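The values are calculated or read from the model by the stated rules, or taken from the named source; none is laboratory data. Being a predicted model, the structure only gives us computed values, none of them experimental. We place every Cβ from the backbone using ideal geometry, glycine too, and count neighbours over all the protein chains shown. With ligands, DNA and RNA removed, areas are computed over all heavy atoms of the protein, side chains included. Shrake-Rupley method; radii C 1.70, N 1.55, O 1.52, S 1.80 Å.
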Amino acid sequence: MKHLLILAFRSLLNRRLSALLTLLSIALSVALLLGVERIRHQTQDHFSRSVSGTDLIIGPRGSSVQVLLASVFRIGAMNNAVSGESFAYWSQRPEVAWSIPLSLGDSFRGHPVIGTTQAYFDHFRYGRGKALVIAEGEWGSGLDAMLIGHRAARDLNLKIGDQVVIAHGGGDESFVEHGDHPFTVTGVLEPTGTPVDQGLHVHIEAMDRLHQEFEAGGDISKMDPLARFMPDIDLDAHDGHDHSTHEGHDHGNHEGHEDHEGHEGHDHGQHDEGEDQKGHDHSAHEGHDHGNHKGHEDHEGHEGHDHGQHDEGEKHEGHDHSAHEGHGHVDHSHDHDHSGLHHAHGHDHGHGAHGHGQGDHGHSHADHSHDHSHGAEAHSHGHDHGHGAHGHGQGDHGHDHGAHDHSSHAGHDHAAHSGHDHGDHSGCDHGDHFHPPAGSVSAFLIGLHDRRDALALQFEIQRYEEEALQAVMPGVTLLELWEIMGLVEKLLFGISIFVVAVGLSGMALSLLARMQERRREMAILRAIGVTPMQIFLLIQLEALLLCVGGLILGSLGLALGLKLLQPAVLNWSGLLLDSFSLGPQEFKFMFVVLLLGQVISLLPSILSTRSALHDGLSPKL
Amino acid sequence: MICLTMKDLSYTWPGQDRPILDGLSLQLSQGEHLYVHGPSGSGKSSLLGLLAGILPAAPDQLNVLGLDLGKQSPLKRDRFRAAHLGVIFQQFNLLSYLSVLENVELPARMIPERRNKLDGKASAIRDEAKRLLSRLNLEELADRSVQQLSVGQQQRVAAARAMMGSPEVLLADEPSSALDEKNRDLLMQGLLELCKEHESSLVLVSHDPALAQHFEQQLELRP
Ligand SMILES: Nc1ncnc2c1ncn2[C@@H]1O[C@H](COP(=O)(O)OP(=O)(O)OP(=O)(O)O)[C@@H](O)[C@H]1O
Ligand SMILES: [Mg+2]
């Protein structure tokens, strides 16, 4: 047998070109088969390992698979959000043990940036209930703190102390970046083998800031990170603001301010939560524009304002907008169609003495809920459209600030309301990715005290009237996902089996083609005393060698291919392909390939044996 | 000791109505040589096929080394051939993908019975192969590829291989028909020497009457 094997090997070596081609075709088909199977297996494994202990994932109503993919696997995006109120409401339910808010949608060099809270690291579990562990450093409470996953650290070559500038939107760095406010890596997580490894985790408030910055295009350098979590801080303390002698004024430190005087170029667009703003003395404001003031009182001295179509301006009482001249406010809430007149729009457009030309300012400030919670420090707000002495020409300012919320703007600086440059804002449209408005979350994970409550709670959440939500049970939705993928998998598997069969048929064909020219060889072997059975074995062994060689070459090729493809697949799907390793599954498939190879080779083997028997010592060539 | 006995040996190819061999009788002692001749198509090769156990003889007609080949199963005949017979063809005796030495070693490597005659060791096999090659003045060619040999050299390598493991009977089917006189003589000389040395009997088929002188017995076949 051993000598038959040597003989088979030498015989193959002798016709190495055709053997090599056969080998290659088998290798390719085997690589395909094992690769498809591996990726399939790994996807499932990867997915089911990635989340454990989370009873429900709550997100905006839509596809449950989408919510699961985005919230746990960071695949795809959410195009809606859950309001902060809903998050608070459901998080505070007695059944709920913990909840983890997630703000998704941004990335850094292909690595997802996740806004979340400490709860993520306290309660999130993966694998068999493993917790996330910080390998080095800590998260820290600073707004610029960033805790990064193991692979993110490795792939991006980041270490503690490095600064990271977040691109806006997912994917590559083609988007506008904000170099003004880099995050600083403060900690690195232990590897988990889950999508957590890819992530860059920041405080959810910092995420809001990031988005606001983008909306604003300005500078909000130091905001109070706690503003979000202390909603009460808002405007309660705004009694008696003193905005005295503001020329290009400063709204920083609004506590205890009184007597807003001499404001030039001020604009309060759509103040949602301004009910408690009392005692503001906006005297001598020039060029003020209060779009949609809700509950502002005691605005005195404003003159000449035209608040056309204030949506929620019922409470504008006693405003004194002095020295406003010639402002035409047409539809303050949204599209400002400014035709022919001086005007201001939703944001802070303090018009000094300039004229908007005859243009169409399509400023679409959808859903501006400006929540000027003025913090302790003076900050400059990006919405400073204080027009000093320049004119908007006959242009079309297509500002489209989709659904943003300035709820955590603490400490606005409305200084320098003159000589403002509008240019930056033209055509800023970042509507092709979505991040939740400040105060809301993309989705949140909850854990229950008692898992058995999950179904009931899910039912309740689905019927929540305040907001269209859905609650996803990770396990159930994973099964759903497999069902969707099952068909594709089967198809792929079928195709790869087919390709293997083609590769093996090629081998059988080459063995058959050789049969004729090997009759002499068989006669010699027969003369020596080799039995027909051994001739049969010889051909089968050759097929076996080709198959084994194909398997080895195919596996090596696959290992190499996976290694080369790994970054691309990771970038593209967020799926981390493990490097190739041989497990029982692989051996099973290899065994099947070998068996199939042997079965297919039966034909050339039997035919060779028969012709050898027939030829005897004198082959007829 | 009797090497070969034919008793009214006949053979008819399947599908043919006339026997190609009819009523051959002959007895050959061990160490004696038999010269078989006859016109083309007279059944010389068929006779060697019977002797080698490739073709099935009828019972009680053919006895080689005390074994009635007609009563053996095909597998038994294969084993018998492997153990006791050496075969040389007219041409193309060698496996092209093995070296000269490997070709000579092949029977001892493949066939346990042959190997056992050489106390089974790989070194013994190699030594014997080299010895056989040198007896045929081929020692320099041992490591060559067989494709680099002349036809005469190839036939002598085939003779060396047939003698590997000292088979009792050597069957040669026109081994020198493709050779010139000089090469023919070289081959015959080597064959006869080796047979003598191993006390083997040689059954040789040839058209060449010049060879007949070396043989104790002759058998002429008629169509
Ligand atoms: N495999 C076979 N099947 C059927 N008939 C065969 C076969 N081999 C040979 N024969 C028949 O046997 C006859 C003798 O053939 P054989 O090869 O024994 O002759 P030979 O004496 O060796 O001739 P040559 O001197 O040309 O080699 C042929 O005429 C042929 O018809
Ligand atoms: Mg013949």
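Defining a contact as two alpha carbons under 8 Å apart and six or more residues distant in sequence, what relative contact order in percent does region A:1-87 show? If you can, show how the numbers build up before the last one.
On the way: 26 pairs, mean separation 13.5, N = 87.
Reported as a whole number, the value is 15 percent.
Heavy-atom accessible area of A:R519 with all protein chains present, probe 1.4 Å, nearest 10 Å²?
Probe radius 1.4 Å; accessible area of A:R519 about 40 Å².
On a 1.4 Å probe surface of the protein chains, which of A:H449, A:H3 comes out largest in accessible area, and what is the full order? Let's see the in-between values first.
Details: A:H449 130, A:H3 45 Å².
Largest to smallest exposure gives the sequence A:H449, A:H3.
Taking every residue in A:526-538, how many Cβ atoms of other protein chains lie within 10 Å of its Cβ, on average?
On the way: counts 6, 16, 17, 20, 7, 7, 3, 2, 3, 0, 0, 0, 0.
Mean shielding count: 6.
With r defined as the distance between the Cβ atoms of A:R49 and B:Q217 and R0 fixed at 60 Å, what FRET efficiency is calculated, to the nearest 0.05? Could you put the intermediate results ahead of the total?
On the way: r = 85 Å, r/R0 = 1.41.
About 0.10, to the nearest 0.05.
Can you grab the distance from the C-alpha centre of region A:591-621 to the C-alpha centre of region A:435-498, Å, no decimals?
A separation of 56 Å, based on Cα centres.
For the pair A:Q118/B:E140, report the inter-label distance in nm, with labels modelled 7 Å from Cα in the Cβ direction.
9.3 nm
Using θ = phi - 60° and the Karplus form 6.51 cos²θ - 1.76 cosθ + 1.60, what ³J(HN,Hα) does each residue of region A:77-85 get, whole Hz, x for Gly and Pro?
9, 9, 10, 7, 9, 10, 5, x, 5
At 1.4 Å probe size, what's the solvent-accessible area of A:L487? Round to the nearest 10 Å².
130 Å²
Keeping every protein chain in place, order B:F80, A:F498 by accessible area at 1.4 Å, biggest value first, i.e. largest first.
Values: B:F80 20, A:F498 145 Å².
Ranked list, largest accessible area first: A:F498, B:F80.
I'd like the interface area for chains B and A: accessible area of each alone minus the complex, both sides summed, 1.4 Å probe, protein heavy atoms only. What is it in Å² to the nearest 100?
Summing both chains' loss of accessible area gives about 2200 Å².
So who's got an amide H within less than 5 Å of the one on B:L9, skipping anything under 5 residues away but keeping other chains? H placed 1.01 Å off N, in plane.
The answer is B:G23, B:L24, B:S25.
Measure off, as a whole percent, the carbon and sulfur share of the 1.4 Å-probe accessible area of region B:1-131, all protein chains present.
Numbers: 2800 of 5430 Å².
For region B:1-131, the apolar C and S fraction of the accessible surface comes to 51 percent.
On a C-alpha basis, how far is the centre of region A:66-130 from the centre of region B:184-223 in Å? Whole number, if you could?
95 Å
I want to check the label-to-label distance for B:V151 and A:L602. Put each point 7 Å from Cα in the C-beta direction and report it in nm to one decimal.
Using points 7 Å along Cα→Cβ, the separation is 4.3 nm.
Once you average over the residues of A:604-617, how many Cβ atoms of partner chains fall within 10 Å of each Cβ? Walk me through the numbers before you get to the answer.
Working: counts 0, 0, 0, 0, 0, 0, 0, 0, 0, 2, 0, 1, 8, 12.
Other-chain Cβ atoms within 10 Å of each residue's Cβ, averaged: 2.
How would A:D197, B:D17, A:D144 rank on accessible area, largest to smallest, probe 1.4 Å? Mind showing how you got there, number by number?
Working: A:D197 5, B:D17 150, A:D144 60 Å².
The most accessible residue leads, giving B:D17, A:D144, A:D197.
Computed FRET efficiency, Cβ-Cβ of A:E517 and B:L75, R0 35 Å: what is it to the nearest 0.05?
It comes out at approximately 0.85.
Given a 1.4 Å probe, show me the residues in region B:34-56 buried by at least 50 Å² of accessible surface when comparing the whole protein assembly to the chain alone.
B:I54
Quote the accessible area belonging to B:S29 in square angstrom, nearest 10, computed with a 1.4 Å probe and with ligands, DNA and RNA left uncounted.
Around 50 Å² of this residue is reachable by solvent.
Considering Cα pairs under 8 angstrom that are at least six residues apart, work out the relative contact order of chain B and quote it in whole percent.
The value is 29 percent.
Using a 10 Å cut-off around each Cβ of peptide B:77-87, what is the average number of partner chain Cβ atoms that fall inside? Write down the numbers at each step before the final one.
Values: counts 2, 8, 2, 1, 7, 7, 1, 1, 3, 3, 7.
Mean shielding count: 4.
Under 20 Å from the 7 Å Cα→Cβ point of A:E460, by amide nitrogen: which residues of region A:85-121?
Output list for this probe position: A:85-101.
So which of A:K159/A:K563; A:K130/A:K159; B:K76/B:K182 end up more than 28 Å apart by C-alpha? Each step should come with its number before you reach the end.
On the way: A:K159/A:K563 24 Å; A:K130/A:K159 24 Å; B:K76/B:K182 39 Å.
Table pairs above 28 Å Cα-Cα are B:K76/B:K182.
Report, in listed order, any pair from B:K117/B:K196; A:K2/B:K121; B:K7/B:K44; B:K44/B:K117 with a Cα-Cα distance greater than 19 Å. Each step should come with its number before you reach the end.
On the way: B:K117/B:K196 17 Å; A:K2/B:K121 15 Å; B:K7/B:K44 17 Å; B:K44/B:K117 30 Å.
Cα-Cα > 19 Å for B:K44/B:K117; rest within.
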